[in-house]
Amino acid sequence: MTRILAVLLLLAGMGGALAWLAPPRADLAEFLPPGETPATRFLFRELQSGAATTLLLAAIEGAPRAELARISRETAAGLRGSGKFAFVGDGSVALGEAEQDFLFRHRYLLAEADFSAGGLRPKLEALLDGLRSAAAPLLARYGFADPTGTFLGLAATWLGETRVATVDGAWFAPQSGPGDPLRALLVARGHGAGLDAPAQRAAMAAFRTAFAAANPPPGARLLLSGPGVFAAEAAAGIERDVTQVSLAATLLLAAFLFWRFRSGLLLALVAVPLLAALVAGYAATIALYGQVHAIALGFGVTMLGVAVDYPLLLLTLRRGEESLGAAAARIWPTLRLAAGSAAAGLLAMLGSGLPGLVQTAVFGGVGLLAAAATTRWLLPRLVPANARIAARPLPATVQAALAALRGRRLVALAVLALATLVLLATGGPSAQRDLAALSPVPAAQQALDGELRRQLGAPDVRSLFVIGPAASEAEMLRLSEALAVAVQPLVARGLLRGLDLPSRYLPSPATQRARQAALPETATLEAALRAAGTGLPFRDTAFRRFTEAVEASRALPLLDAAALAAGAPTIAARLDPLVTRHGDAIWGLAPATGVADPLALEAAAAALDLPGVLFLDVKLEMERLLAGYGRATLGWALAGGVLVAGLLALGLGSARRAIPVAAPIIGAVLVALAVLTLAGEAISLFHLAALLLLAGLAIDYALFLATHVSNSGDDAAGAVLNCAVSTLLTFGLLSLCATPVLHGIGLTVAAGVAAAFVLALALARPISRT
């Protein structure tokens with residue numbers, strides 16, 4: 001026992017060191033594929049680090065309107081003071097005096113203006129009418145210095161688009177019915193990447209701290225949503241599921257094995273190949289990829305029900321006074337074939353190209369081989385020669401049931417026929433094309449996000465034009481302006497309502513320079529003013545500030561994003577999410593509004609033939625991407641199946657002897673697919689991975705029930721039953737996880753394992769009783 005404890009401590013120490021050197025990561029960004037087209041490559045870069053993913057949407061409810069407005073204002077002030085947010089919007093967003101002066105000074109660089117007499121005449125008439133209205137103070141300030149109305153037009157365009165009502169300096173959601181809650185709304189954008197879970201958790205904590213500092217009354221509550229919230233909750237959900245499943249599976253498995261064997265020595269022995277499998281899988285994944293994702297680790301932990309099979313089979317199938325080493329040598333050809341076939345099936349996923357599946361395949365495949373090798377060569381050296389570990393006899397009813405099932409090929413045919421009938425009647429499970437469906441974020445949280453976006457008028461960025469990559473900011477803005485012109489026919493056709501373009505907030509240097517060159521000389525402008533003002537009661541000197549400002553604008557330095565951020569941070573905050581940088585390249589984003597038919601818009605956008613501009617519909621691209629990876633994964637899974645069949649034929653000596661072993665494998669996969677169909681599960685890439693693991697387990701059962709490695713068929717049936725129950729305990733728990741990936745793996749394998757055991761036993765040769 002001392003040697004076993006020493007080995008366990010060594011393996012535990014190695015595992016702890018690996019986890020310390022390379023802690024498992026739960027960030028969804030690190031589990032995303034690189035993409036195969038320019039659109040998908042850009043999409044996943046933006047999902048990982050784009051500004052749009054840092055948006056936090058918030059609602060405060062549960063208090064009277066005046067109190068909600070106060071809480072909103074004070075929360076927003078706390079957020080701005082925290083330094084964790086690039087922008088905070090709460091209804092009090094307005095242009096400060098310094099910002100107004102900056103934009104007023106640069107108005108003729110930022111927007112077109114008509115300085116002709118014909119263009120000025122209606123403006124002067126409108127100014128005269130306005131001076132007789134309630135807007136007189138505003139027009140007295142800006143009207144004479146800017147009779148073209150350029151500045152006020154800019155301000156209205158930039159700040160006047162919100163759909164929510166502003167009351168007492170706070171945004172309030174529209175109430176469509178008496179049952180709708182009264183909500184104050186806020187929006188904030190953090191500094192960290194949206195799928196960087198730690199950064200988003202810090203931003204969420206800052207939000208809650210600012211809310212608490214506003215001293216909300218009892219009953220008031222803060223609701224948060226957005227990509228960052230999703231990322232943080234997904235990471236927490238993955239970590240929680242992995243931890244809970246690992247602990248619960250360990251306890252249940254230990255309890256079952258102790259009940260069956262009444263031996264602490266067995267528990268220690270079983271833990272050796274298990275720990276060896278986890279350490280080897282973790283180390284191999286780190287060596288190849290530099291890190292281990294928590295989902296891949298969660299899949300690796302499921303080897304609790306797989307790696308345990310090998311020592312259980314060794315100890316249970318040991319004959320009489322046979323030494324453990326001799327028993328290991330005797331069953332090794334069958335054990336080697338089972339482990340090699342299972343690992344080959346998993347390692348076939350390496351060709352899928354999807355990072356999550358590749359990590360999972362490496363972790364699982366290497367772990368299974370390590371567990372088999374540990375069982376063969378290490379365990380016999382750890383057990384004293386005189387030690388005997390025997391399972392308790394199975395209850396008589398269980399023994400009778402196993403005996404009655406063995407060799408009942410009609411039972412196997414009935415199971416296969418029923419599974420096939422279900423698949424034919426239902427058309428089989430549908431394919432999962434929505435990456436969001438793999439997120440552990442609850443449906444209620446996703447619904448809240450959609451509701452807050454509608455109430456805030458925040459874009460649900462699905463369809464957008466991608467501008468770039470450009471070598472400079474100036475080139476990107478030039479392309480943005482070209483897109484603004486090119487898309488007008490598509491707007492006229494009703495394919496979209498409009499675009500939010502970077503050049504809307506910051507014109508390109510070429511455009512600014514052209515506008516400066518078009519500014520009239522002072523004498524020319526004064527002549528136009530006199531002609532436009534004929535018959536109007538304006539003094540000759542009324543527009544002196546206007547002519548001076550136009551002259552000054554001719555010499556102003558051109559604006560870039562840095563200058564805009566320094567002088568007009570509110571407007572820069574509108575521009576910033578539309579500009580993204582990756583390395584030395586700069587990209588612009590132009591979200592589309594009013595898109596009814598993304599496929600039609602995609603076709604029309606391609607026909608524009610505008611170099612440097614790419615149309616991207618997120619949902620369409622995700623569906624195509626997942627379909628492509630699904631086809632690749634299915635192809636490699638089939639290749640893995642052929643490889644496994646070849647290994648079985650080689651190991652068993654002929655294809656004819658391999659057929660009875662392969663039948664339970666195929667049957668288990670059919671049953672698992674039928675169960676998934678009835679459960680309403682859409683098949684994702686991770687279900688395919690689970691089917692490969694299931695095939696590996698079915699190989700174990702079929703091989704050990706079909707070959708002579710024990711004193712009797714009863715011994716083999718009991719040994720395999722121990723393995724099946726151990727596996728079901730683990731994967732049954734996994735099927736209860738909230739993380740869809742882990743849930744899908746658990747449900748697939750749990751259903752298939754039960755079928756694999758029944759089919760393998762029913763297709764095994766009957767025991768000859770002489």
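The values are calculated or read from the model by the stated rules, or taken from the named source; none is laboratory data. Treat the numbers as computed from the prediction; the structure is a model and nothing was measured. Here Cβ is always computed from backbone atoms with ideal geometry, including for glycine, and neighbour counts include all displayed protein chains.
Of all residues in segment 380-414, those being touching a Gly at 6+ places or on another chain (Cβ under 9 Å), in a helix (DSSP H, G or I) and buried (at least 20 other Cβ atoms within 10 Å of the Cβ) number 1.
If you take the residues of segment 277-316 that are assigned to a loop (DSSP other than H, G, I, E, B) and crowded, with 23+ Cβ neighbours inside 10 Å, which of them is modelled with the lowest pLDDT? Selected residue: 306. As for segment 101-110, it holds at least one residue that is touching a Pro at 6+ places or on another chain (Cβ under 9 Å) and touching a residue at least 60 places away in the same chain (Cβ under 8 Å). Sub-8 Å Cβ pairs linking a first residue in segment 355-373 that is farther than 13 Å from residue 294 by Cα to a second residue that is surrounded by fewer than 24 Cβ atoms within 10 Å (Cβ to Cβ) and among the charged types (D, E, K, R), at least 6 apart or interchain, are 372/336, ordered by first then second residue.
When residue 199 is tested against (1) of a type outside the set (Lys, Arg); (2) at pLDDT below 85; (3) over 27 Å from residue 453 (Cβ atoms), just one condition goes unmet, and that condition is (3). For residue 226, the conditions (1) over 21 Å from residue 21 (Cβ atoms); (2) touching a Pro at 6+ places or on another chain (Cβ under 8 Å) are fulfilled apart from (2). Taken together, 221, 240 contain a single residue that is under 24 Å from residue 733 (Cβ atoms) and of a type in the set (Lys, Arg), which is 240.
The residues of segment 534-550 that are touching a helix residue (DSSP H, G or I) at 6+ places or on another chain (Cβ under 7 Å) and over 22 Å from residue 104 (Cβ atoms) amount to a single one, 536.
Note on segment 483-506: residues that are outside any helix (DSSP H, G or I), within 17 Å of residue 468 (Cβ to Cβ) and over 32 Å from the mean Cα position of the chain (by Cα) amount to 1. Pairs linking a residue in segment 260-282 that is without any contact (Cβ under 8 Å) to a residue 24 or more places away in the chain to a residue that is buried (at least 21 other Cβ atoms within 10 Å of the Cβ) and in a helix (DSSP H, G or I), with Cβ atoms under 8 Å and 6 or more positions apart or on different chains, are 267/257. Residues that are surrounded by 16 or more Cβ atoms within 10 Å (Cβ to Cβ) and over 19 Å from residue 466 (Cβ atoms) within segment 566-604 comprise 567, 568, 569, 570, 571, 572, 573, listed in sequence order.
The rows are residues; the columns are (1) touching a residue at least 24 places away in the same chain (Cβ under 8 Å); (2) surrounded by fewer than 18 Cβ atoms within 10 Å (Cβ to Cβ); (3) in contact with a Cys (Cβ under 9 Å, 6 or more places away or on another chain).
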| residue | (1), (2), (3) |
| --- | --- |
| 203 | yes, no, no |
| 207 | yes, no, no |
| 227 | yes, no, no |
| 237 | yes, no, yes |
| 254 | no, yes, no |
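Close contacts from segment 655-681, counting a first residue that is of a type in the set (D, E, K, R) and a second that is crowded, with 20+ Cβ neighbours inside 10 Å, with Cβ to Cβ under 8 Å and a gap of 6+ residues or different chains, come to 681/429; 681/687; 681/744; 681/747.
Could you check how many residues of segment 575-610 are in contact (Cβ under 8 Å) with a residue 60 or more places away in the chain and part of a loop (DSSP other than H, G, I, E, B)? Total meeting the criteria: 6. Which members of segment 415-434 meet the condition of being within 15 Å of residue 756 (Cα to Cα), among the small types (Gly, Ala, Ser) and exposed (fewer than 15 other Cβ atoms within 10 Å of the Cβ)? The one that is within 15 Å of residue 756 (Cα to Cα), among the small types (Gly, Ala, Ser) and exposed (fewer than 15 other Cβ atoms within 10 Å of the Cβ): 417. If you go through segment 366-405 and pick out every residue that is modelled with pLDDT under 85 and more than 19 Å from residue 720 (Cα to Cα), you end up with 6.
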